[in-house]
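Enquirer: Could you have a look at this structure, given as structure tokens, before my questions?
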Amino acid sequence: MLRAMLTAFRTLTIIPIPGKDTENFSRSLCFFPLVGALLGFVVIILYHGAGAIGFKHPFMSALLSMAVVTWLTGGLHIDGLGDAADAFGGGKNKEHILQLLKDPAMGSFGVCAIVFDILIKALCWQFFFDRGNPWLIFWSFVFSRAMQGLAIAFIPNARVESIAAPFGQGGRFARISVILAYLFIGLAAAWLLSPPAALVCALCSLAATLLFGLYCWRKLQGVTGDCVGAINELAELSVLFAGMVFMDGVLE
């Protein structure tokens, strides 16, 4: 179990953690939300640190916090979003899309997707920073990483040599473990956040994952590592949007 946890952190971050990886990578999928929780705590610490030194510029705080988190993840997920945007935006068929997904060069679709993703998330983070509630940002990290695990466990790999391929070979054990992890996250969010907010965040992240997952299935009959990265970003945005709508409703 410890090795599986180490594999999850090594896969989703650049944090140097000593120890050996698990032999069965699929066992690490249920620990992906724990990585999200760590990244969420980093944002919480940065938010309170800015407040402690009297830094009262929420948009700049959001951008700086996002830069730190992006660095900690090695830009893995945002790069996947850009590659997926290029491939699906310019690909003519399955083979062409898979070829574009392997291309390290970034095209106009990818650049636009990354820029819009950063701007939208920065504005969402500013919204929560302004209202003194960065915890919805924390949950966006947790739910989005859980969605990665669900996508890898339930959607086949479109390419054998995909970076996600070793994680999707756990069969029933992997599927059960990620479902249990997702249920645990939902219960924890209901207890620490509120039942309605937790339900909205859970359903929105799941809906975003299902919609994009079905799109990938229609185009590729599966997913690749870049597709999983895009799923992370879309699920993260869906939770942020849901949190904004929920908070506006509560405040009204």
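The values are calculated or read from the model by the stated rules, or taken from the named source; none is laboratory data. This one's a predicted model, so the numbers in the text were calculated from it and none came from an experiment. Cβ coordinates were reconstructed from backbone atoms using ideal geometry, including for glycine residues, and neighbour counts include every protein chain displayed. SASA here: full protein model, heavy atoms, side chains in, ligands and nucleic acids out. Shrake-Rupley method; radii C 1.70, N 1.55, O 1.52, S 1.80 Å.
Enquirer: Enumerate the amide H contacts of residue 157 below 5 Å, restricted to partners 5 or more residues apart or on another chain; note that Pro and chain-start residues carry no placed amide H.
Expert: 223
Enquirer: Quick check: the angle from helix 225-251's long axis to the longest principal axis of the chain, C-alpha only, nearest 10 degrees?
Expert: Roughly 30 degrees between the two axes.
Enquirer: If you line up the long axis of helix 2-12 against the longest principal axis of the chain, both from Cα atoms, how many degrees apart are they, to the nearest 10?
Expert: Taking Cα atoms only, the helix is inclined about 90 degrees.
Enquirer: Leaving out ligands and nucleic acids, and using a 1.4 Å probe, what accessible area per residue does the chain come to in Å²?
Expert: Solvent-accessible surface per residue comes out at 48 Å².
Enquirer: Let me ask something else. With the crude spin-label approximation of a point 7 Å out along Cα→Cβ, what separation in nm comes out for residue 154 versus residue 188?
Expert: Computed distance between label sites residue 154 and residue 188 equals 2.0 nm.
Enquirer: Let me ask another. Could you give the length gained on full extension between residue 218 and residue 48, defined as 0.36 nm per residue of separation minus the Cα-Cα distance, in nm?
Expert: Value of the extension gain: 56.8 nm.
Enquirer: Given Cα pairs under 8 Å that are at least 6 residues apart, what percent is the relative contact order of the chain?
Expert: About 26 percent, as a whole number.
Enquirer: Considering only 33, 104, 156, give the residue with the highest GNM mean-square fluctuation for the chain, with springs between Cα atoms whenever their separation is below 10 Å.
Expert: 104
Enquirer: Then there's this: Taking the Cα centre of the chain as origin and charging only Cβ (+1 Lys, Arg; -1 Asp, Glu), how large is the dipole, in debye to the nearest 20?
Expert: So the magnitude is around 540 debye.
Enquirer: Given a 1.4 angstrom probe, I'd like the percentage of the accessible area of the chain that is carbon and sulfur, rounded to a whole number.
Expert: 70 percent
Enquirer: Report, in deg cm²/dmol and to the nearest 500, the calculated mean residue ellipticity at 222 nm for the chain, where each DSSP H run with n ≥ 4 adds -39500 (n - 2.57) and the sum is divided by the residue count.
Expert: Calculated mean residue ellipticity at 222 nm is -25500 deg cm²/dmol.
Enquirer: Within 10 Å of each candidate Cβ there may be at most 14 other Cβ atoms; applying that plus a DSSP loop requirement, which trypsin sites (Lys or Arg not before Pro) in the range 1-107 survive?
Expert: Listed in order of number, the matching sites are 20, 56, 92.
Enquirer: Just to be sure I understand the curve: with the Debye formula and one point per C-alpha of the range 1-91, what is log10 I(q)/I(0) at q = 0.22, 0.26 Å⁻¹?
Expert: Debye output, listed in q order: -1.04, -1.19.
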